[in-house]
Amino acid sequence: MSFLYKYRPFNKDTLKTLALRKLFFSRPAFFNDPFDSQLSPEEFARELNTEGITHGTKRIEMSSSFMDRCLRDAGILCLSKKNENILMWSHYADSHRGLCIGFTEDLLEDLNTSNEGQEFSKYEVSYDTNHPFLDIQRDILYGHKYGTGDAFIDQCTLEDDLLEASISKKHQHWIYEDEVRFYTKSYGLYEFSPSSVDHIIFGMNASLDDIETVRNILKTEEWSHVELLNAHRKPCALELEIPVKLA
């Protein structure tokens, strides 16, 4: 079975995530990467036009208002497929003093079930050095995906692809994150079921007091299945291993 991981520092917000069983979906405007989910189709089309590339740019530019509506107040939850990444533990889990929540593959279904009236989508992130919209512009120029003959359907398909590209394509520098994302139209807190959590890993520098605090939150029956693990250094390698189940 594969899992998705949320790296977190040990703080009040993390404790609330577990105590209230709610995950925070962030606005793209507050991401630490200004290129992430914040690219403008209008600016992209305008730049291509200045370079003498005009085919397809008008259709991309027409999608700007759609993209603004979908991303201005959107909520995105960023997870990783990896639990042993040293950089992730350093950057997002307070220099290995925090924790890493291991969610099951059922998380998407859980979110859609637990939050009535709110729709969630899942995206696998890919990494490149090219602008996310370039492939779409080439499809307009050379392909048939946006040329079915039905202008409305073609534009809707184009807008959906632009939205997906904006959310799910990042610069190659971020490839170490091996990221999966959940998207919904409004940022904020959303409920999840404890059954979607399989295990929690504590960083190698996590304090015993912090571990005990989390253990106390998980005392109720609904959390009884969750394994508590501890990350350690590998003795003969610059790597982490997560072999130790806490008693």
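Please treat every number below as a calculation from the coordinates, not as lab data. Please read all numbers here as calculations on a predicted model, not as lab measurements. Note: ideal-geometry Cβ built from the backbone for every residue, glycine included; neighbour counts use all protein chains shown.
Let me check I've understood the local charge: for Trp174, count other residues with C-beta under 9 angstrom from its C-beta, Lys and Arg +1, Asp and Glu -1. What total comes out?
Net local charge, Trp174 excluded: -3.
Cα centroids of region 157-196 and region 31-53: how far apart, whole angstrom?
19
Could you give each residue of region 138-150 its phi-based ³J(HN,Hα) in whole Hz, using Karplus coefficients 6.51, -1.76, 1.60 with θ = phi - 60°, and x for Gly or Pro?
Residue by residue, region 138-150 yields 5, 5, 5, 6, 10, x, 10, 4, 9, x, 6, x, 9 Hz.
What 222 nm value per residue comes from the helices of the chain, counting each DSSP H run with n ≥ 4 as -39,500 (n - 2.57) and dividing by all residues, nearest 500 deg cm²/dmol?
Using -39500 (n - 2.57) per qualifying helix, the result is -10000 deg cm²/dmol.
Apply the Debye scattering formula to the chain, with a single equal point scatterer on each alpha-carbon and no solvent, then give log10 I(q)/I(0) at q = 0.07, 0.14 Å⁻¹.
Here log10 of I(q) over I(0) equals -0.29, -0.95.
What are the residues whose amide H is under 5 Å from the amide H of His171, where those residues sit 5 or more places off or on another chain and H is modelled from the backbone?
So His171 has HN proximity to Asp128.
Report the Cα-based extents of region 143-194 along its three principal axes, largest first, to the nearest Å.
That works out to 46, 30, 17 Å along the principal axes.
Distance cut-off 30 Å, Cα to Cα: go down the list Lys58/Lys185; Lys16/Lys234; Lys22/Lys145; Lys16/Lys122 and report the pairs above it.
Listed pairs above 30 Å: Lys16/Lys234; Lys22/Lys145.
Grab the eigenvalues of the alpha-carbon gyration tensor for region 112-247, scale each by 5, take roots, and send me the semi-axes largest first in whole angstrom.
Semi-axes (√(5λ), whole Å): 42, 23, 10.
Out of every Cα-Cα pair in region 1-45, what percent are more than 14 Å apart?
Of the Cα pairs, 67 percent sit more than 14 Å apart.
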